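Accompanying notes for the structure given below.
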Amino acid sequence: PESSPQVLSIQSHVVAGYVGNKSAVFPLNVLGFEVHSINSVEFSNHTGYGKWKGQVLNAEELAELMSGLQINDLDNVSHLLTGYVGSASFLEQVYETVKQLKKKNPELVYVCDPVMGDNGQMYVPEELLEIYRDKLIPLADVITPNQFEVELLTGKTITSESDAIECMEMLHKMGVKVVVISSSVLGPSGCLTAFGSSQRSDSMEVWKLDIPRIPHLFTGTGDLFSALLLAWLHISNGDLSLAMVNSLGSLQEVLHRTSAYADAQVKLGKPYGAKLLELQLIQSKKDIENPPQTFKAIRL
Ligand code: ATP
Ligand code: PLP
Ligand code: MG
Ligand code: MG
């Protein structure tokens, strides 16, 4: 039998709750992917709580883990997934890792979520921008920036759909095959609008999808989204609209379940906050296995 796809996922770990690897590994496993996980931090809980304890992996420690995998020929993976990185030195080492993995497997698919900020604010050191732009993005096959991150990477302000398309074209020119803007404010009010663009031989295939905004501030959704997208792009053999519809369909179910749980707990007198809004991921296993076809993607 054919071997399962194998993902090396370099992301945060939290002891309690679901961000980073905690929100990516379960859905990947459920969808049939083996996952090697490197925990870039080990925190008690995500930073949205305001208080947390734990450790941060440094660049040397990442290199050491990668050399251990190499010694045992465990670095021959089909996919690499990276998310939030908090320092320039760690990101430089991620770049070394991409090169190592691509050398071992020239067919490696690298899915990069260039997490830098949201709503006009950067929440990582500024020097990460040029490392993403000049080093990581050119090696990435798939990227999942939000609107603000696309603006940072292209240096262009996006105020319309045609701006978004132009930016995705610029990102393709930098070498990326699939660009998915996970959320933007370009659609109808009350909606988050996602865009996806796939580079074909000399044209691009562009899709748009409106997602109704649920009135809560969730955490771990970006990490869940990039993992689902990786999985469905592989399973569908690169069918971008199917991958977006399935990923966002499952994600929306998780968020509806989470929102219903939080509302019910508040009614019972529990204080509203980050703890009540932890993703109801395990409870949503069936919706990950069989994504509800909630959304329709529109071809632009
Ligand atoms: P990054 O991980 O690069 O920061 P991002 O800012 O787009 O990306 P999120 O804001 O977590 O990440 O959004 C990812 C996806 O999660 C969106 O495409 C959307 O489907 C879903 N999502 C997040 N928050 C909500 C919400 N309040 N209502 C509905 N969907 C949401
Ligand atoms: N990793 C850690 C440690 C975090 O604290 C957070 C958010 O607070 C995230 C990752 C990212 O979560 P999201 O997927 O919502 O971008
Ligand atoms: Mg966001
Ligand atoms: Mg995010």
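Each value in this text was obtained by applying a stated rule to the coordinates, not by laboratory testing. Note that the structure is predicted; figures quoted are calculated from it, not measured. So basically every Cβ, Gly included, is an ideal-geometry build from the backbone, and we count neighbours across all protein chains shown.
Points worth noting:
- For the range 270-278, Karplus couplings with θ = phi - 60° (6.51, -1.76, 1.60), whole Hz, Gly/Pro x: 6, x, 5, x, 3, 5, 6, 9, 4
- Under 10 Å, Cβ to Cβ, from GLU149 - net charge with Lys/Arg +1 and Asp/Glu -1: -3
- Counted by Cβ distance under 13 Å from GLY175, the other residues give a net charge of +2, where Lys and Arg count +1 and Asp and Glu count -1.
- In Hz, Karplus ³J(HN,Hα) per residue of the range 44-59 (6.51, -1.76, 1.60; θ = phi - 60°; x = Gly, Pro): 4, 6, 6, 6, x, 6, x, 10, 7, 10, x, 10, 10, 6, 9, 4
- Between LYS275 and THR157, the modelled labels are 4.3 nm apart [label points 7 Å from Cα along Cα→Cβ].
- Rounded to the nearest Hz, the phi-derived 3J(HN,Hα) couplings of the range 217-231 under the Karplus curve 6.51 cos²θ - 1.76 cosθ + 1.60 (θ = phi - 60°) are 9, 8, 10, x, 5, x, 5, 5, 4, 5, 5, 5, 5, 3, 4, where x marks glycine and proline.
- The range 16-173: relative contact order as a whole-number percent, Cα under 8 Å and 6+ apart: 16
- Cβ-based net charge around ALA24, under 14 Å, with every Lys or Arg adding one and every Asp or Glu removing one: -2
- Cα shape, the range 48-167, gyration tensor, a/c 1.5 rule: oblate
- Between VAL35 and VAL7, the built amide H atoms are under 5 Å apart, and every one of these is 5 or more places off in sequence or on another chain.
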